[in-house]
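Derivation of every value follows stated rules applied to the coordinates shown; laboratory data play no part. Given the structure is predicted, the values throughout are model-derived calculations rather than measurements. Note that we place each Cβ from the backbone using ideal geometry, even for glycine, and neighbour counts take in every protein chain shown.
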Amino acid sequence: MGVDKKFPSGDSSTSGYFHKNLEPPLREILTRDPQLLFEKNIRDFKLERRSRVSLIDFAGKRYIVKHYFLKNFFFWLRRLILPSFALNIRKRVSIMEQHHISTPLLLAAVDSGKGFYYRGTTCLYEYVAPDKHKDLLLEELADKEKRDKIIFSYVSLLGRMHQAGIYHGDAKISNFLWVEHSGGVDIHVIDLDDCRVERELTTKQRVYDLANLIFSLAWRNNDLTLITECFDAYMCYDSSWCGNKVEFLDRLKERIANKLEHREKRQKKN
C-alpha cells in the first residue's frame, strides 16, 4: 500500500507511526508538540472531554486532526498496560486497507509521553470531502431510485466489513463519507475507535452495527420501513451465517425500538 513502517520519533517523549509521504514540517510539529496543529484550525467537528476532531489548513492543504485526551485514571492505566494506542489505531486502519475497505489515509499516529508520563495520542488524516453530507442523503431517501442506491451502498459496505470479521461499533451514517466517482460510490469509513476484528462476528455484533446504521437513517423521519428494506438488502448480500432470519429481524427491530425510545426521552428532557 506504499505505507511507511512503524518507528519511534526522534524525541524520546513521543513515539508512533508516520506515513512516508508526510510532509517534514508536519512531522516535526507532531514530534515536538502535536497540539500546535490546532492553531491551524478551520472548524471543530468534535470537542469533548474524550477527544477533539478538527479540520485544519496547513500550507494550503487540509487535514483532519484527532487528539485523544488523557480523560481519567482508567484510560491512563490502560495506556500504561496495553500496547501503544497510536500503533493500535494504525493496526485498525491497516486491517481496513487489507480488506479494500476505504478509509481516509492515516498520515501519522503519535503517542505523546510514555509510561507514567503518557499525555495523549494524536492522529493526522488526509481530508476526504464527501460529495453528499448526511442531511442531503436523508432527504434523498424520499426518492425511490436514490433510496435503493443509498440502502445498497451502506448495507453492502457493512456486509463486506462483517464478512471480513470487522465490527465497527458505531456504524451511523455520520461515520461513513459518501464519495462518488465514475458513476459509483466509494464510502470511506471513519471513527474506528470502537472497531474490533474477530475471526467471526456474533449475531449480537451484527445486530448492533446494522441497528445503528438503520437508526441513523430512519429516526429523523420516523421511517421504520427502512428496517425491513435494509434487512433484506443485508441478507441478499450474505445470509450464510444466519440460522434463523426471523429471530435476527426480531432482535433488530427490538434494538431499534429501544434506540428510538431512548432518543425520545432525551428530546423530552431537552
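Numbers for the structure displayed
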{"read-out": "Entries in 46/172; 20/46; 20/91; 40/114 that, when Cα-Cα distance is taken, lie over 18 Å", "value": "20/46; 40/114"}
{"read-out": "Computed over the range 123-252, Kirkwood Rh from alpha-carbon pairs, angstrom", "value": "15.2"}
{"read-out": "Label zone at residue 244, where the point sits 7 Å out along the Cα-to-Cβ direction: the range 198-230 residues whose backbone N lies under 18 Å", "value": "202-208"}
{"read-out": "Part-to-part distance (alpha-carbon centres) for the range 176-219 and the range 220-270, which is given in Å", "value": "14"}
{"read-out": "Loop-resident sites, the range 210-270, for trypsin sites (Lys or Arg not before Pro), counting at most 11 other Cβ within 10 Å (DSSP)", "value": "none"}
{"read-out": "Surrounding net charge for residue 55, when Lys and Arg each add one and Asp and Glu each subtract one, Cβ distance under 12 Å", "value": "+4"}
{"read-out": "Inverse mean reciprocal Cα-Cα distance (Kirkwood Rh) of the chain, Å", "value": "20.1"}
{"read-out": "Segment residue 148-residue 223, extension gain: residue separation times 0.36 nm, minus the distance between their alpha carbons", "value": "25.6 nm"}
{"read-out": "Pair-distance profile P(r), taking every C-alpha pair of the range 6-126, with 10 angstrom steps and integer %", "value": "13, 47, 35, 5"}
{"read-out": "With Cα atoms, 0 to 90° folded angle of helix 85-98 axis to the chain main axis", "value": "50"}
{"read-out": "Whole-Hz couplings from phi, Karplus 6.51/-1.76/1.60, listed for the range 22-34; x for Gly and Pro", "value": "5, 5, x, x, 5, 5, 5, 5, 4, 6, 7, 6, x"}
{"read-out": "Positive-pole candidate from 164, 123, 230, dipole of the chain, charges at beta carbon", "value": "123"}
{"read-out": "Estimated distance in nm for a label pair at residue 237 and residue 39, the labels positioned 7 Å out from Cα along Cα-to-Cβ", "value": "4.4"}
{"read-out": "Range in the chain, longest, excluding exposed GluC sites (Glu not before Pro) [loop by DSSP; at most 13 other beta-carbon atoms within 10 Å]", "value": "49-197"}
{"read-out": "Theoretical ellipticity at 222 nm over the chain - DSSP helices of four or more residues, -39500 (n - 2.57) apiece, nearest 500", "value": "-13500 deg cm²/dmol"}
{"read-out": "Helix axis angle, 144-163 relative to the chain longest principal axis, alpha carbon, degrees", "value": "60"}
{"read-out": "Sites residue 114 and residue 164 - FRET efficiency at Förster radius 30 Å, r taken between beta-carbons, to 0.05", "value": "0.35"}
{"read-out": "The range 169-227: equivalent-ellipsoid semi-axes (sqrt of 5 x gyration tensor eigenvalues, Cα, Å)", "value": "20, 19, 11"}
{"read-out": "Rough spin-label spacing in nm, given labels placed 7 Å along Cα→Cβ, for residue 263 and residue 199", "value": "3.7"}
{"read-out": "Eligible lysines near residue 149 by straight Cα distance, threshold 16 Å, same-chain separation 8 or greater", "value": "132, 134"}
{"read-out": "Charged-residue dipole, Cβ positions (Lys, Arg, Asp, Glu), the chain about Cα centre, Debye nearest 20", "value": "1040"}
